[in-house]
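Taking it in order: structure first as structure tokens, then the write-up.
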Amino acid sequence: MIRRGQRRTVPCPQVRRSAACVPYIHDVILPGDMKDLTNKVTEAKKAAEANLIVRREETAAMRSQANTAMVLEGNPTLMRLRELEVLERVAASGKLNVVLGEKGLAERVVNLL
């Protein structure tokens with residue numbers, strides 16, 4: 001009985017003296033149907049792995065957004081800073097008239113020209 005990790009040596013008829021050969025499989029040629037089936041199984045496994053990675057990334061992004069929302073809920077000054085950062089990005093993209101006040105941007109009018 002050969003256990004995993006052990007090799008079985010077989011006498012090599014081409015070599016004189018007491019040399020030994022280790023038999024191993026070079027290539028396995030499968031029939032067309034088996035080859036297609038194996039390719040489909042491999043493709044399905046890779047697609048499942050990719051889907052799992054995408055779902056993990058989406059879960060991490062949602063967790064991050066939830067944490068951000070909790071922090072912003074407890075700190076109105078930080079929320080105001082966030083609004084101003086968004087406003088800065090919007091203003092950089094075109095000509096914009098902005099009316100600022102003490103209340104949040106959601107309660108103010110922003111006119112795009």
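The values are calculated or read from the model by the stated rules, or taken from the named source; none is laboratory data. A quick note: this is a predicted structure, and the numbers were derived from the prediction, not measured. Backbone-built Cβ (ideal geometry, glycine too); neighbour counts: all protein chains shown.
Which count do you get for residues in the range 52-80 that are basic (Lys, Arg) and surrounded by 12 or more Cβ atoms within 10 Å (Cβ to Cβ)? Step through it out loud before you land on a result.
Filtering the range 52-80 for residues basic (Lys, Arg) gives 55-56, 63, 80.
When the remaining residues are screened for being surrounded by 12 or more Cβ atoms within 10 Å (Cβ to Cβ), the result is 80.
The qualifying residues number 1.
Out of the residues in the range 1-52 that are outside any loop (DSSP other than H, G, I, E, B) and of a type in the set (Gly, Ala, Ser), which is modelled with the lowest pLDDT?
Among those residues, the one meeting the criterion is Ala20.
Test of understanding: among Glu107, Glu88, Glu83, Glu102, which residue is acidic (Asp, Glu), out of contact with any Leu (no Cβ under 6 Å at 6 or more places or on another chain) and either surrounded by 12 or more Cβ atoms within 10 Å (Cβ to Cβ) or at pLDDT 80 or above (or both)?
None of the other options fit; the residue is Glu88.
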